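Since the structure comes first, as structure tokens, the remarks are kept for the end.
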Amino acid sequence: MKIIEDANKEAFKRLLSGDPVLVDVVTASEAIPNLKDRMILHAGPPIEWDTMCGPMRGAVTGIAVFEGWAPDLEAAEKMAAEGAFEFHPNHDFDAVGPMTGLTTISQPLLVVENRTFGNRANCAINEGLGKVMRFGGNDDEVLDRLRWIRDEFGPALAVAVRKTGGVPLKSMVARGLTMGDEMHQRNVACSGLTLRALSPALASTATDTEKLSKALAFIGSNDQFFLNIAMAMGKSIMDPVRNIKGSSVVTAMCRNGTEFGIRTSGTGDTWFTAPVEMPEGLYFPGFTEADANPDIGDSTIVETIGLGGFAMGASPAVAGFVGAGAASEAGNFTRTMSEITVGENPEWTIPAMDYLGTPTGIDIRLVVETGLAPTINTGIAHKNPGVGQVGAGVVRAPMACFEKALLALAESVEVS
Amino acid sequence: MSEFGINDLLEKPLKVINVGLEGFAKELNQQGVDVVQLDWAPPAGGDPKLADILSKLGS
């Protein structure tokens with residue numbers, strides 16, 4: 001249908017022409033003026049306390065204590081159940097967040113600007129691995145780390161990022177793909193490249209060498225530090241692709257731990273949802289599938305721009321880490337995703353696949369026609385509040401989201 | 001008329017690509033014939049309403 005083909009050409013053009021740059025680190029209340037006290041932005045499509053999963057509830061109670069809205073976790077839970085907090089999706093406030101993905105007023109946010117279109121997107125700073133708030137952790141260790149990020153690390157990072165004049169991300173991701181990252185479950189290379197890019201500025205703006213050492217060690221010891229930067233980058237790239245009449249390209253995929261939601265360009269800001277699925281993967285020692293929470297997080301914005309599970313071929317090591325099979329099979333995931341995307345990204349290529357461009361621009365028509373749902377690489381949270389990460393795996397987006405979106409898109413172009 | 005008839009084909013070892021019901025491939029496989037089963041499913045998983053809309057929207 002011509003209107004759809006033309007719309008998708010425009011969507012693909014905007015997607016590829018994005019120029020994301022890490023430009024700042026700003027307190028959430030400043031980065032997102034509409035974010036008010038006692039408002040909690042969360043991962044995924046809209047959800048209320050009653051239907052939140054364990055890790056999301058654990059994070060909500062933890063963040064309420066962190067923000068000083070509740071004296072302890074028990075009081076926070078009671079307040080949440082009584083409606084003391086207002087919940088909204090990150091995506092409605094120019095933001096994204098991994099796993100539980102909570103964003104509240106006092107957190108420092110990474111700011112990525114898409115310099116082609118002038119829009120900005122935000123994401124909190126990655127806390128590290130294991131027992132952390134994004135996986136539902138909420139004890140003193142978790143909250144103290146968040147306070148350090150807010151009071152010491154975030155401000156130092158802000159000064160350093162500004163001093164660099166901005167860190168271009170498109171070229172960094174291109175390099176990361178050649179170094180074995182897929183930008184969702186493997187960010188080893190890009191985290192290192194980020195450290196390399198920011199270290200001189202961090203050092204030259206530091207006033208205390210002990211604090212500098214702690215900041216450098218925090219980035220250097222976290223293989224997933226770049227994930228949150230990649231997510232803000234993804235949001236900044238996809239937002240200008242929204243609202244192209246007739247376009248069947250997916251502009252957002254996300255999960256709140258209970259439901260999976262997608263948006264398409266041609267259907268604006270409507271969420272098409274279905275129950276989330278359970279990842280299949282590998283578990284840390286002492287944990288099994290019985291401990292796992294279903295799929296959760298905004299991090300699927302990474303797959304939405306053609307990375308993560310779509311770029312598995314760039315990262316054979318991650319195939320083993322997420323239990324997706326032999327390293328030699330990693331390329332099959334990427335080839336399969338090529339069947340449901342508009343085209344290849346010529347600037348993000350995979351050397352081991354003869355420089356195949358990453359499959360880019362998920363077309364809901366192709367998803368429904370082929371029955372091939374997007375592949376997502378993901379971390380796995382414990383199903384109970386307060387525990388944290390228990391493994392990593394692969395999960396598919398629920399087909400029902402795409403079928404619902406297809407029907408709405410058809411209606412928008414007067415096809416029945 | 002082709003010089004290469006069906007009888008010539010059957011006199012040589014067969015290599016088969018099966019499109020459709022997997023049972024045909026299994027039968028041949030049990031008889032020692034090399035078979036590749038094409039990974040195929042009807043559009044939209046066979047849902048007639050979605051398939052109709054897809055045909056109108058093009059993909």
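Keeping every protein chain present and rolling a 1.4 Å probe, give me the accessible area per residue for the range A:1-110 in Å².
Numbers: 4090 Å² over 110 residues.
About 37 Å² of surface per residue is accessible.
Springs between alpha-carbon pairs under 10 angstrom, Gaussian network model over chain A: which of A:Met79, A:Met312, A:Met99 fluctuates most?
The residue with the greatest mean-square fluctuation here is A:Met79.
Report the residue, chosen from A:Thr358, A:Thr205, A:Thr267, that carries the largest GNM mean-square fluctuation when chain A is represented by alpha-carbon nodes joined by springs under 10 Å.
A:Thr205
Scaled to the compact-protein estimate 2.2 N^0.38 Å, what is the alpha-carbon radius of gyration of the range A:369-416, rounded to two decimal places?
Taking the Cα Rg and dividing by 2.2 N^0.38 Å, one obtains 1.72.
What is the spin-label model distance, in nm, from A:Glu48 to A:Asp208 if the labels are put 7 Å beyond Cα along the C-beta direction?
With each label point 7 Å from Cα toward Cβ, the separation is 4.5 nm.
Heavy-atom accessible surface, probe 1.4 Å, ligands and DNA/RNA ignored: which residues of the range B:12-59 lose at least 50 Å² versus the isolated chain?
So the qualifying set is B:Leu50, B:Ile53, B:Leu54, B:Lys56, B:Leu57, B:Ser59.
Hey, rough spin-label estimate for A:Ala75 and B:Val19, points 7 angstrom out along Cα→Cβ, what's it come to in nanometres?
7.0
Count neighbours as other Cβ atoms within 10 Å of each site's Cβ, and list the GluC sites (Glu not before Pro) in chain B that are DSSP loop with at most 12 such neighbours.
Working: sites: B:Glu3, B:Glu11, B:Glu22, B:Glu27; in loops: B:Glu3.
Sites meeting the loop and neighbour criteria: B:Glu3.
With a bin width of 20 angstrom, please list the P(r) values of chain A as percents of all Cα-Cα pairs, from the 0 bin to the one holding the largest distance.
Going from the shortest bin to the longest, the percentages are 30, 61, 10, 0.
I'd like the orientation of helix B:48-57 relative to chain B: the angle between its Cα long axis and the longest Cα principal axis, in ° from 0 to 90, rounded to 10.
80
Under unit Cβ charges (Lys, Arg +1; Asp, Glu -1), what dipole magnitude, rounded to 20 debye, does the protein assembly as shown have relative to its Cα centre? Could you put the intermediate results ahead of the total?
Values: 38 positive and 59 negative charges, 223 e Å.
Charge dipole of the protein assembly as shown: 1080 debye, to the nearest 20.
Could the peptides A:16-27, A:250-261 be put in order, highest first, of the mean number of other beta-carbon atoms found within 10 Å of their residues? Before the final figure, lay out each step's value.
Working: A:16-27: 20.2, A:250-261: 26.8.
Result, highest mean first: A:250-261, A:16-27.
So, in nm, how far is label A:Arg147 from label A:Glu30 when the simple model puts each one 7 Å beyond its Cα toward the Cβ?
2.2
Can you give me the accessible area per residue for the range A:354-413, using a 1.4 Å probe, in Å²? Mind showing how you got there, number by number?
Numbers: 1620 Å² over 60 residues.
Result: 27 Å² per residue.
How big is the B/A interface in buried accessible area, both sides summed, 1.4 Å probe, to the nearest 100 Å²?
On the way: alone 5420 and 14970 Å², together 19260 Å².
In total, chains B and A hide about 1100 Å² from solvent.
Measure off, as a whole percent, the carbon and sulfur share of the 1.4 Å-probe accessible area of the protein assembly as shown, all protein chains present. Provide the component values of the computation, followed by the final result.
Details: 10150 of 19260 Å².
Taking all protein chains in place, the protein assembly as shown shows 53 percent carbon and sulfur surface.
Tell me which trypsin sites (Lys or Arg not before Pro) from the range A:1-64 have a DSSP coil assignment and no more than 11 other beta carbons within 10 Å of their own. Walk me through the numbers on the way to the answer.
On the way: sites: A:Lys2, A:Lys9, A:Lys13, A:Arg14, A:Lys36, A:Arg38, A:Arg57; in loops: A:Lys36, A:Arg38.
Loop-located and lightly packed - A:Lys36.
Could you give the accessible area per residue of the range A:214-288, probe 1.4 Å, as a whole number in Å²?
Working: 2310 Å² over 75 residues.
On a per-residue basis, the range A:214-288 sits at 31 Å².
The values are calculated or read from the model by the stated rules, or taken from the named source; none is laboratory data. What you see is a predicted model; the values in this text were computed from it and never measured. Cβ: placed from backbone, ideal geometry, glycine included. Neighbour counts: every protein chain shown. For accessibility, only protein heavy atoms count, side chains too; no ligands or nucleic acids. Shrake-Rupley method; radii C 1.70, N 1.55, O 1.52, S 1.80 Å.
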